[in-house]
Amino acid sequence: MVNQSRMAYIARNLKRSKYLYAMMLLPFVYLIVFKYLPMYGLIIAFKDFKIYDGMLGSDWVGFKHFQKFFMDENFVMLLKNTFLLGFYLLLFGFPIPILFALLINEIRKKWFKKTVQSLSYLPHFISMVVVVSMVVTFVKVDGLINGITGIFGFAPISYLLQEEWFRTIFVTSEIWQTLGWSSIIYLAAISGVDPEQIEAAVIDGANRWHQVIHVTLPAIASTIVIMFILNIGNILDLSFEKVLLLQNPQIYETADVISTYVFRKGLEGFQYSYATAVGFFNSIINLCFLVAANQLSKRFGGSSIW
């Protein structure tokens, strides 16, 4: 009898929320097809994969490809480059959308606020090829950057041929491209701040700065922590397309990362098992960072993903 009542309750909920469940169907199918089903292919990281033998028919070699990667002369360089790019993005790219959202929230003229928001969202929707083309145009020898620095007497620099400039160019362009889009979640969190708390702060004599520090930021602290944990979990998951399009063999010392190395070995070098092992290693490191950040946040801050 209890089971029948429960089933009837579930059926009523399904009927009442059928359009919401229909909206969930597409992302659910996307996750299954493009995120979970491909995990089956990870077994070739432990096999000497040959196309004509298939994944199940290829010889099992255990951790051979992982050991080969650890012994590779480029291992330390790849790990260092990938980690530093991810770290710089976290260090500079994570707080800037928060500051931008706080500044946007302080704009009182609605038309100006919407205009600034719309303009900040645009780079997110531009094709990566177009973004990289714009970056290359700006930093080439006769580009905008050298034109500006030339006014002050500096000699032109071929930035994309100088390995010490790659990280600056990549991080700066990534922040510009994702600034507006990343700020949306913080703007949504700020909109949920209790107006009575702000009114109480104003009555107590708090100015705009004090309102942000003592009311707004504490109210959105949990959102910031969750986003910080997620960003740490993706610290080695860089924008592969941008790195690939910006790099060249002359600057591999700072521009070559794990994802581009996987591309060269897997698709260009036809070393499918080796490339899968390297990519699998990258995912494991990301998972370790995510779990560690979540546990530290839960222990010291009280906020966590699970």
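Give the residues of segment 61-96 that are in a helix (DSSP H, G or I), of a type outside the set (A, V, I, L, M, F, W, C) and open to solvent by 80 Å² or more (accessible area, probe 1.4 Å), sorted by residue number.
Lys64, Gln67, Lys68, Lys80
Consider only pairs whose beta carbons are under 7 Å apart and that are at least six residues apart or on different chains; among these, list those whose first residue lies in segment 51-75 and is on the phi > 0 side of the Ramachandran plot and whose second residue is among the aliphatic types (A, V, I, L, M) and open to solvent by less than 50 Å² (accessible area, probe 1.4 Å).
none
Considering (1) under 16 Å from the mean Cα position of the chain (by Cα); (2) open to solvent by 80 Å² or more (accessible area, probe 1.4 Å), say which one Ser173 fails and leave the rest.
(2)
Name every residue in segment 263-275 that is within 23 Å of the chain's Cα centre (by Cα) and open to solvent by 40 Å² or more (accessible area, probe 1.4 Å), in order of residue number.
The answer is Phe263, Arg264.
In the set Glu268, Glu253, Glu241, which member is of a type in the set (Asp, Glu) and closer than 30 Å to Asp59 by Cβ?
Glu268
Somewhere in segment 28-44, is a residue in contact (Cβ under 8 Å) with a residue 24 or more places away in the chain, touching a strand residue (DSSP E or B) at 6+ places or on another chain (Cβ under 8 Å) and more than 24 Å from Glu174 (Cα to Cα)?
Looking through segment 28-44, none of the residues is in contact (Cβ under 8 Å) with a residue 24 or more places away in the chain, touching a strand residue (DSSP E or B) at 6+ places or on another chain (Cβ under 8 Å) and more than 24 Å from Glu174 (Cα to Cα).
From the list Leu217, Leu238, which one is part of a helix (DSSP H, G or I), surrounded by 15 or more Cβ atoms within 10 Å (Cβ to Cβ) and in the same structural domain as Tyr159 (by TED's automatic domain parsing)?
One residue alone meets the criteria, Leu217.
Confirm whether Ser259 is among the polar types (S, T, N, Q), assigned by TED's automatic domain parsing to the domain that holds Val131 and crowded, with 19+ Cβ neighbours inside 10 Å.
yes
Wholly within segment 109-179, which helices (runs of 4 or more DSSP H) include no fewer than the required count, namely at least 1 residues that are touching a Pro at 6+ places or on another chain (Cβ under 6 Å)?
Filter on segment 109-179 gives 144-151.
Could you check segment 189-205 and list, in sequence order, the residues that are open to solvent by 60 Å² or more (accessible area, probe 1.4 Å), part of a helix (DSSP H, G or I) and closer than 23 Å to Pro95 by Cα?
Within segment 189-205, Ser191 is the sole residue that qualifies.
The values are calculated or read from the model by the stated rules, or taken from the named source; none is laboratory data. Everything quoted here is computed from the prediction, not taken from an experiment. All Cβ positions, even for glycine, are placed from backbone atoms using ideal geometry, and neighbour counts span all protein chains on display. Side chains included, ligands, DNA and RNA excluded: accessible areas come from the protein's heavy atoms. Shrake-Rupley method; radii C 1.70, N 1.55, O 1.52, S 1.80 Å.
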